[in-house]
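First up is the structure itself, then whatever we jot down about it.
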Amino acid sequence: MSHSKLKTQNSTLQQTLAADLEKLDSQGLKRSRRLLETPQGAHVRVDGRNYVAFCSNDYLGLASHPELIDAAREGAARYGVGAGASHLVLGHTKAHHDLEEALAGFVGLPRALLFSTGYMANVGVVTALVGRGDAVFADRLNHASLNDAALLARAELKRYAHLDLGALQRQLAASTARRKLIVTDAVFSMDGDLADVPGLLRLCQRHDAWLLLDDAHGFGVLGRGGRGTLAHFDASSPRVIYMATLGKAAGVFGAFVAGEPDLVEMLMQRARPYVYTTATPPLLAHALARSLELIEHEEWRRERLRALVEALRRRFEPKRWQLGASTTAIQPLLIGGNEEALAVSSALAGEGLLVPAIRPPTVPRGTARLRISLSAAHEVADVERLARVLANLQ
């Protein structure tokens, strides 16, 4: 093939990309990145300007905690920086092993397995446990990783209306699948509401199904000692497959899956995102062991978070917009249109307040919103300031 023909083909491909990007821009869906110049926190410097940030999942304010920084330094001195290999080759250190045991004990399940990210954990669980001839039942507002996992597993994917256990019951009753797996966020990442975990477990028992509970936004925040959504509902079952992330309330990085011993052993043998990837740096596991102690013993962080949620909902009364019915650190302010959501977010930034505009496909079309994320690192004065500015923008 001639050089000119190759150049023409390449030019055509580039033109299609440019057209796709232009379409995203015209629909108010093109995203951009900000440059964070300070440690993660409630008060940050971004792109050369100081802000109060309401856009982090650092719910307990641990991401830059001095004790975690010291623990990371200690872990680096003891184990080095990189793991150097997958867990099943030679990358599984004593730091990883100790953390897995601590996490299992913390959430009250027999065994835990570390993953690099929550996305990888969800993909690993679903693809290891179900496939052709099986069925996955998913809440319509689940995180993208759960939907992608079901598609990769090639199982039949059945989605039910958000929190509609009646619809889920009918789908389960009609299913002839060999294996049934219900997958759901525990705390929904864009709405801040909770799954009905006891109700889901009753359906699992009735229809012989597993429940994969993605507690990315509940772990560390809900339940006694921050033990998560299962503890919040005082729920337990051998049918539970519990996943939580360690880069949000825990302030570091990674994820884990906990459950029955045979389940975790099967994941260790067959979960491809676990088997075929280098282990996370052991210094992070060493730091996370300290994070677990802070989560359990510093109840004041969860108390402050609850107080901040109450302060926001008390001080701000939406008129044009709708504040979602959430009691968690995730407070969604539904705007509707993409352009208006972007405009409100930009106006807040002009006042020194960072609140992200969330648009499709992350949320359903017509439900663009501001996702207000609260942290124990915030002060009540920060929340009151946000409420005043929002009230003036309505």
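Nothing in this text is a laboratory measurement; each read-out follows from the coordinates by a stated rule. No experiment lies behind these values; they were computed from the predicted model shown. When we count neighbours, we look across all protein chains shown, and the Cβ atoms used for this are built from the backbone with ideal geometry, even at glycine.
Evaluate 2.2 N^0.38 Å with N set to the residue count of the stretch 313-363, then give the Cα radius of gyration divided by it.
Taking the Cα Rg and dividing by 2.2 N^0.38 Å, one obtains 1.15.
Cα-based Rg (one decimal) and Dmax (whole number) for the stretch 71-150, in Å?
Cα only, the stretch 71-150: 16.1, 49 Å (Rg, Dmax).
In the chain, what percentage of the DSSP-assigned beta bridges are antiparallel, given to the nearest 5?
Within the chain, antiparallel bridges account for around 55 percent of the total.
In deg cm²/dmol, rounded to 500, what helix-only [θ] at 222 nm does the chain give when every DSSP H run of at least 4 residues adds -39500 (n - 2.57) and the total is split over its residues?
After summing the helix terms and dividing by the residues of the chain, the value is -14000 deg cm²/dmol.
For the stretch 24-80, just the Cα set please: Rg and Dmax, both in angstrom.
Cα radius of gyration and Dmax of the stretch 24-80 are 16.1, 52 Å respectively.
Just to be sure I understand: if I project the alpha-carbon convex hull of the stretch 66-297 onto a plane and average over all orientations, what area do I get in nm²?
Computing the convex hull of the Cα atoms and averaging its projections yields 11.5 nm².
Rg to Rh ratio, the stretch 268-320, alpha-carbon atoms and Kirkwood radius?
1.30
So, with +1 on the Cβ of K and R and -1 on the Cβ of D and E, and no other charges, what is the size of the charge dipole of the chain about its Cα centre, to the nearest 20 debye?
The calculated dipole for the chain is roughly 1100 debye.
For the stretch 342-394, state which trypsin sites (Lys or Arg not before Pro) are in a DSSP loop and have at most 11 other beta carbons lying within 10 Å of their beta carbon.
Listed in order of number, the matching sites are ARG365.
Considering only the stretch 66-297, what is the antiparallel percent among its DSSP beta bridges, to the nearest 5?
Counting DSSP beta bridges with both partners in the stretch 66-297, the antiparallel share is about 35 percent.
What residue among ILE295, LEU90, ALA391 has its Cα farthest toward the positive end of the dipole of the chain, where the charges are +1 on Lys, Arg and -1 on Asp, Glu, each on the Cβ?
Result: ALA391, furthest along the dipole toward the positive end.
Within 10 Å, count the other beta carbons around each residue, average over each peptide in 168-178, 149-159, and list them highest first.
149-159, 168-178
Looking at the chain as a GNM with Cα springs under 10 Å, which of ASP139, ASP185, ASP148 has the largest mean-square fluctuation?
Fluctuation is largest for ASP148.
Scan (i) 26.5; (ii) 20.3; (iii) 22.7 for the value of mean projected area of the Cα convex hull in nm² calculated from this model and give just the label.
(iii)
Please give me the summed charge of the neighbours of ASP47: other residues whose Cβ is under 11 Å from its Cβ, Lys and Arg +1, Asp and Glu -1.
Result for the local shell: +3.
Please name whichever of ILE182, ALA150, GLY223 sits farthest to the positive end of the charge dipole of the chain, dipole taken about the Cα centre and charges placed at Cβ: Lys and Arg +1, Asp and Glu -1.
ALA150
Between ARG365 and GLU379, what is the label-to-label distance in nm when each label sits 7 Å out along the Cα-to-Cβ direction?
4.5
Strictly greater than 17 Å: what percent of every Cα pair in the stretch 181-230 meets that?
So the pairs more than 17 Å apart make up 34 percent of the total in the stretch 181-230.
Gap in Å between the Cα centre of the stretch 293-311 and the Cα centre of the stretch 230-256?
With the stretch 230-256 and the stretch 293-311 each reduced to a Cα centre, they are spaced 17 Å.
Using amide H atoms built 1.01 Å from N in the peptide plane, name the residues 5+ places from LEU157, or on other chains, whose amide H lies under 5 Å from its own.
VAL136
How many angstrom lie between the Cα centre of the stretch 343-361 and the Cα centre of the stretch 146-210?
Using only Cα atoms, the two centres lie 33 Å from each other.
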